[in-house]
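Since the structure comes first, as structure tokens, the remarks are kept for the end.
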Amino acid sequence: IQVIKMSFAILRTAKLKSMGEIGGSLSHNYRDRPTLNANPQQTPNNEHSLKNAELVMSSIKDKLPEKRRKDAVLCVEYLITASPDWVGWNKSDEQKYFNDAKKWLEDKHGKDNVIATTIHRDETTPHLVAYVVPLVDAKLNAKHFLGGREKLSKMQTDFAKSVGEPLGLVRGLEGSKAEHQTIKQYYANVNTAVKISPDIVL
């Protein structure tokens, strides 16, 4: 029996509905508060497209329309990574994966709406975090991108096909009973021995 290990393209989203939520996310992202699962010696290897949290926050504020609903999603936080056992980590494939992921986000949302990206290399598995203002026709409309299970499922499929497959990464099981992990859950699991990728037996 031959056992093949599959490595997955992983895409998570979080809807940030207040400046407080955005600020909290940014302070984690820029390590402005203690980050338990980060290795401080590796933190200098992180890459930020904007140099600090204040710049990201002011860029998001500048992009937001003055008139908006009280319950509007102000920013979508994307987390993009792959299975911890992916053979591409720490090679040129890793940089290509994150570059292609950023381009995919820019094609989906418009380049100007992808406010900032960060690559974290100081946690167990490298990952990219992106802050996106979900504008459609100059109005905030996160539902257009993330509304409902079907849209989320299609997005996962498109991401895996466009960005993951050329690098040997596959989509998670479609229509499986596994619930979509939130970014918070991802961070809770990232340093434990949670096995993300099932073995497939041929």
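Checking each residue in region 157-185 for being assigned to a helix (DSSP H, G or I), at pLDDT below 95 and in contact with a Leu (Cβ under 9 Å, 6 or more places away or on another chain) picks out only I183. List the residue pairs whose Cβ atoms are under 6 Å apart, where the first residue sits in region 86-115 and is more than 19 Å from G172 (Cα to Cα), the second is hydroxyl-bearing (S, T, Y), and the two are 6 or more positions apart or on different chains. From region 86-115, the pairs are K102/T117; I115/S59; I115/Y131. Taking region 11-47 as the range and being under 20 Å from N90 (Cβ atoms) and touching a helix residue (DSSP H, G or I) at 6+ places or on another chain (Cβ under 8 Å) as the test, only N37 passes.
Of all residue pairs spaced 6 or more apart or on separate chains, those with beta-carbon atoms under 7 Å, a first member in region 44-68 that is closer than 11 Å to Y30 by Cα and a second member that is open to solvent by 60 Å² or more (accessible area, probe 1.4 Å) and not β-branched (V, I, T) are A53/D32.
The values are calculated or read from the model by the stated rules, or taken from the named source; none is laboratory data. In this text the structure is predicted, and so the values were computed from the model without any measurement. Glycine also receives a Cβ, built like all others from the backbone with ideal geometry; neighbour counts cover every protein chain displayed. Accessible surface is based on the protein model in full, side chains and every heavy atom, while ligands, DNA and RNA are left aside. Shrake-Rupley method; radii C 1.70, N 1.55, O 1.52, S 1.80 Å.
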